[in-house]
1. How many residues are within 20 Å of Leu96 (Cα to Cα) and either acidic (Asp, Glu) or open to solvent by 40 Å² or more (accessible area, probe 1.4 Å) (or both) if we restrict to region 8-49?
2. Listed residues Ala122, Ala69; which is surrounded by 17 or more Cβ atoms within 10 Å (Cβ to Cβ), under 17 Å from the mean Cα position of the chain (by Cα) and small (Gly, Ala, Ser)?
3. Failed condition for Ser51, given (1) of a type in the set (Ser, Thr, Tyr); (2) under 30 Å from Asp146 (Cβ atoms); (3) in contact with a helix residue (DSSP H, G or I) (Cβ under 7 Å, 6 or more places away or on another chain), with all others met?
4. Six or more apart or on different chains, Cβ atoms under 9 Å: show the pairs whose first residue is in region 289-300 and farther than 13 Å from Asp235 by Cβ and open to solvent by 90 Å² or more (accessible area, probe 1.4 Å) and whose second is assigned to a helix (DSSP H, G or I) and at pLDDT 75 or above.
5. For residues in region 95-129 being modelled with pLDDT under 80 and hydroxyl-bearing (Ser, Thr, Tyr), which is farthest from Phe70 (Cα to Cα)?
6. Picking from Leu82, Leu7, which residue would you name as being out of contact with any strand residue (DSSP E or B) (no Cβ under 9 Å at 6 or more places or on another chain) and without any contact (Cβ under 8 Å) to a residue 24 or more places away in the chain?
7. Listed residues Phe31, Phe3; which is closer than 28 Å to Asp146 by Cβ and not hydroxyl-bearing (Ser, Thr, Tyr)?
8. If you check every pair at least six apart or on different chains, which have Cβ atoms under 8 Å apart with a residue in region 212-231 that is within 23 Å of Asn178 (Cα to Cα) and among the β-branched types (Val, Ile, Thr) first and a residue that is open to solvent by 80 Å² or more (accessible area, probe 1.4 Å) and part of a strand (DSSP E or B) second?
Amino acid sequence: MPFLSKLCERVLKSRLLKYLEPKFIPQQHGFRSRLSCETAVASLTQELFDSIDKRNGRVLAVFIDLRKAFDTVSRPKLMRKLMHIFKVPYLLVKILNSYLSERKFVINNEDYKDNPHPVFSALPQGSILSPMLFSAFINDVTEVLDKPFVLYADDLVFYTAGTNINEMVHGVENTLENLNTWLETQGLTVNFNKTKCMVFQKTMDRATFSFQTIKCRAHDIERVTTFKYLGVTLDCNLSFKVHASQVCNRTAAAVCKMHSLKRFLPLTAFKMLTNAFVHSIGDFCLAIWGAVGVAEMERIQKKN
């Protein structure tokens with residue numbers, strides 16, 4: 001992206017944030033000051049722990065995947081929301097709309113180059129404005145979500161707690177149907193093939209239950225026992241053993257690569273690269289999954 005475009009985007013972002021930030025819903029953790037993947041995962045896991053710690057407590061969570069979310073944002077709807085919901089001044093909306101308008105894309109594959117095609121929707125890829133604008137676009141999802149939820153830009157998970165799994169499934173199906181209908185009115189589409197559900201419960205909870213498949217528009221939502229949410233693999237007991245094992249394997253592979261480069265690098269550069277590509281693997285969201293067993297942590301430490 002040209003330098004002037006980046007400069008223009010930074011100015012627009014600073015102006016828009018004055019109006020957007022105070023009205024962003026607290027469940028939105030994506031690309032906001034003092035919020036991150038770690039705060040999103042921490043918020044979710046804390047709610048899960050609190051719920052499953054109750055007698056016979058279970059949590060049914062649905063991880064929503066949106067198909068090409070940023071590429072299907074309706075620009076006219078976005079501009080209307082900025083003016084009516086966030087009260088962004090008309091002149092600033094007009095400047096933003098002008099900046100996003102009349103964009104084109106070209107298909108270029110080796111010797112083949114297509115003619116430019118106009119882009120009627122979508123937020124520009126690689127733009128620092130796109131995550132913020134998408135967060136504004138989906139900000140009014142609270143109109144239809146009657147269950148607790150966590151958002152990180154377009155990564156959405158909602159959940160319900162209880163003891164009767166069939167009642168929980170029925171409630172989740174109603175919420176999912178309402179959410180899907182609302183998303184369709186916004187021009188967004190749920191990718192049912194990648195949308196998953198998961199039942200969380202204590203490890204010592206041996207009570208069996210018959211799980212009725214969650215359905216939405218004739219689509220079955222697959223139930224999984226592990227799910228990678230914002231870089232942290234959650235298991236149904238929140239033991240984080242699966243995630244710890246993955247961290248151990250990735251750390252071992254990174255250490256092996258660093259050893260092969262060690263003799264070619266000065267010490268300062270080697271330390272910098274080690275911190276960037278080895279230590280960062282274990283440090284990511286460590287405050288959340290670091291309560292894993294002593295044996296798992298010792299395995300990871302030996303790899304470093």
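1. Going through region 8-49 one residue at a time, the tally reaches 14.
2. Details: Ala122 fails: under 17 Å from the mean Cα position of the chain (by Cα).
Ala69 is the lone residue from the list that is surrounded by 17 or more Cβ atoms within 10 Å (Cβ to Cβ), under 17 Å from the mean Cα position of the chain (by Cα) and small (Gly, Ala, Ser).
3. (3)
4. Arg299/Ala244; Arg299/Ser245; Arg299/Cys248
5. Tyr112
6. Answer to the selection: Leu7.
7. After applying the criteria, what remains is Phe31.
8. Matching pairs, first to second residue: Thr213/Asp220; Thr213/Arg223; Ile214/Asp220; Ile214/Arg223; Ile221/Lys215.
The values are calculated or read from the model by the stated rules, or taken from the named source; none is laboratory data. In this text, all values refer to a predicted model and were calculated from it rather than measured experimentally. Neighbour counts are summed over all protein chains in view; Cβ atoms, including those assigned to glycine, are modelled from backbone coordinates with ideal geometry. Heads up: the accessible areas ignore ligands, DNA and RNA and are worked out on the full protein's heavy atoms, side chains in. Shrake-Rupley method; radii C 1.70, N 1.55, O 1.52, S 1.80 Å.
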